[in-house]
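Below is one structure, written out as structure tokens; comments come after it.
The values are calculated or read from the model by the stated rules, or taken from the named source; none is laboratory data. Fair warning: this is a prediction, and the values are worked out from it, not measured in the lab. Cβ sites come from the backbone with ideal geometry, for glycine too, and all protein chains shown count toward neighbours. Calculation scope for accessible area: heavy atoms of the full protein, side chains included, ligands and nucleic acids excluded. Shrake-Rupley method; radii C 1.70, N 1.55, O 1.52, S 1.80 Å.
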Amino acid sequence: MRIVIPGGSGQIGRILARHFQGCGHTVTVLSRTPGPAPWRTVQWDGLTPGAWVTQLEQSDVCINLAGRSVNCRYGAKNRRIILESRVKSTLLLNQVVAALKQPPRLWVNASTATIYRHALDRAMDEANGELGGNEPGAPDAWNFSIAVAKA
């Protein structure tokens, strides 16, 4: 398969790229800061179409991981960047994919894992999870992360 990973230069992206490359798939990572890697890395800014668009044409899978790292203090500026970097890159990908003659057969958006309520009573998953947000006593940072996922 041809797999394109926007934002794939982060921790999760590198793990996925290594796995898929090891399985014999062709992997392309779209990155704001491309560097040496065993797979193809292509420059993109997450804001504007560019030469990177050709990587999506006739690809099998797009796994969007784009967004500013959450490994930071959640001050106002970082919160704005975290939210905007995910929403804007997703809107851009939507625009680009819609215009392709042969878009990816599957597009997965995975900008955060924090969308379910904090639970110690049971596992939260796509089948039985409860979306979180504004539970009594939940820290503001949790509610922010859930709002980012919903946006």
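The table below lists the values:
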| read-out | value |
| --- | --- |
| ³J(HN,Hα) computed for each position of the range 64-81 - Karplus, 6.51 cos²θ - 1.76 cosθ + 1.60, integer Hz, glycine/proline x | 7, 10, 5, x, 4, 4, 8, 7, 7, 6, 8, x, 4, 5, 5, 4, 4, 5 |
| Computed [θ] at 222 nm, deg cm²/dmol, the chain (DSSP H ≥ 4; -39,500 (n - 2.57); rounded to nearest 500) | -10500 deg cm²/dmol |
| Around Ala37: net Lys/Arg minus Asp/Glu count, Cβ-Cβ under 12 Å | +3 |
| Residue among Gln43, Gln11, Gln55 with the largest mean-square fluctuation in a Gaussian network model of the chain, springs linking Cα atoms under 10 Å | Gln11 |
| Rounded to whole Hz, the Karplus (6.51, -1.76, 1.60) HN-Hα couplings of the range 138-147, x for glycine and proline | 5, x, 4, 4, 5, 4, 4, 4, 5, 4 |
| Farthest toward positive dipole pole in the chain [+1 Lys/Arg, -1 Asp/Glu at C-beta], among Asn109, Ala51, Val97 | Ala51 |
| Share, in percent, of DSSP beta bridges within the chain that are antiparallel, nearest 5 | 5 percent |
| 5 angstrom amide H check on Val29, placed H, neighbours 5+ away | Ile5, Arg40, Thr41, Val42 |
| Exposure ranking of Arg73, Arg40 by accessible area [1.4 Å probe, largest first] | Arg73, Arg40 |
| Value of relative contact order over the chain, rounded to a whole percent, pairs C-alpha under 8 Å and six or more apart | 20 percent |
| Area accessible to solvent at Glu135, 1.4 Å probe radius, in Å² | 50 Å² |
| Sum of side-chain charges, Gly46 neighbourhood, beta-carbon under 11 Å (Lys, Arg +1; Asp, Glu -1) | +2 |
| Amide hydrogen neighbours beyond the local backbone of Trp107, cut-off 5 Å, H modeled | Cys62 |
| Total formal charge among the other residues, if their Cβ is under 13 angstrom from that of Gln55, Lys/Arg +1 and Asp/Glu -1 | 0 |
| Karplus-derived 3J(HN,Hα), 6.51/-1.76/1.60, for each residue of the range 17-22, Hz, glycine and proline x | 4, 4, 4, 5, 4, x |
| Carbon and sulfur %, accessible surface of the chain computed with the full protein complex present, 1.4 Å | 54 percent |
| Ranking by accessible area, most exposed first, for Val61, Val70 with a 1.4 Å probe | Val70, Val61 |
| The range 104-151 - Rg (one decimal) and Dmax (whole number), Cα, Å | 12.1, 42 |
| The range 108-145 versus the range 65-86: alpha-carbon centroid distance in Å | 18 Å |
| Listed values [x] 63, 33, 28; [y] 69, 35, 26; [z] 47, 33, 30, entry calculated as Cα extents along the principal axes in Å | [z] |
| List Met1, Met124, ordered by accessible area with a 1.4 Å probe, largest first | Met1, Met124 |
| For the chain, built as a Gaussian network whose Cα springs stay under 10 Å, the top-fluctuating residue of Asp125, Asp140, Asp45 | Asp125 |
| Binned Cα-Cα distances of the range 13-81, short to long, each 5 Å bin given as a whole percent | 3, 14, 23, 23, 16, 11, 7, 3, 0 |
| Solvent-accessible area per residue for the chain (1.4 angstrom probe, square angstrom) | 60 Å² |
